[in-house]
Amino acid sequence: MAVIITEDGIAADDWADKTVYPFDVFWSGQELPEEALAVEFPNDRKPEDLVPWLDRIEMIRVEFPSFADGRGFSLARRLRTLGYKGRLRAAGPVVSDQHRAAVRVGFDEIELPESVAARQPAEHWVIRKQGSYQQRLAS
């Protein structure tokens, strides 16, 4: 079971019981259902590949194979630039230090493996208000 992190903290996974389609299904010619779609998008594909379906996809789950692989951040920014308005989920061993960057590029949430979440308590995921070093010292 995964742990979902949002800007508000830990949240329930409201997609746990829904189908998340592998990206290749979109190109296979398989008939896609009319209900909300979610896609598992590998971080080594071009975001432009999803353009024909962007208006039908409710959630894009971008894989992060390791915390050191930052391609997902670029992919998220590009999807938002292409006009994607749905939910973007980073999935994998992202670390709490990357949370602010994930939100900045357009991710709505992070799906962590339980093993990673166990090493990073909820308070590590709180995004502090941005301010200068001097302002933080004064408060």
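Results, tabulated for the structure shown:
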quantity	calculated
Using alpha-carbon coordinates, inclination of helix 71-81 to the longest axis of the chain, degrees	70
Extension gain, ASP8 back to ARG104 (0.36 nm per residue minus Cα-Cα distance, nm)	33.1 nm
Pair ALA118, THR19: separation of 7 Å Cα→Cβ label points (nm)	3.3
Solvent-free Debye scattering, log10 I(q)/I(0), computed from the Cα coordinates of the chain at q = 0.18, 0.22 Å⁻¹	-1.02, -1.40
Rounded to 5, percent antiparallel among DSSP beta bridges of the chain	30
³J(HN,Hα) computed for each position of segment 60-66 - Karplus, 6.51 cos²θ - 1.76 cosθ + 1.60, integer Hz, glycine/proline x	10, 9, 9, 6, 10, x, 7
Cα gyration tensor shape of segment 30-101, rounded if a/c is under 1.5, else prolate or oblate by comparing a/b with b/c	prolate
Dipole magnitude (debye, nearest 20) for the chain, charges at Cβ of Lys, Arg, Asp, Glu	900
Charge context of VAL3, other residues only, Cβ under 10 angstrom, K/R +1, D/E -1	-3
Amide H within-cut-off set for PHE41, under 5 Å, with H built and near neighbours excluded	ARG61, VAL62, GLU63
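Each reported figure results from applying straightforward, stated rules to the coordinates on display, with no laboratory input. Since this is a predicted model, take the numbers as computed values, not measurements. Neighbour counts run over all protein chains shown; Cβ positions are idealised from the backbone, glycine included.
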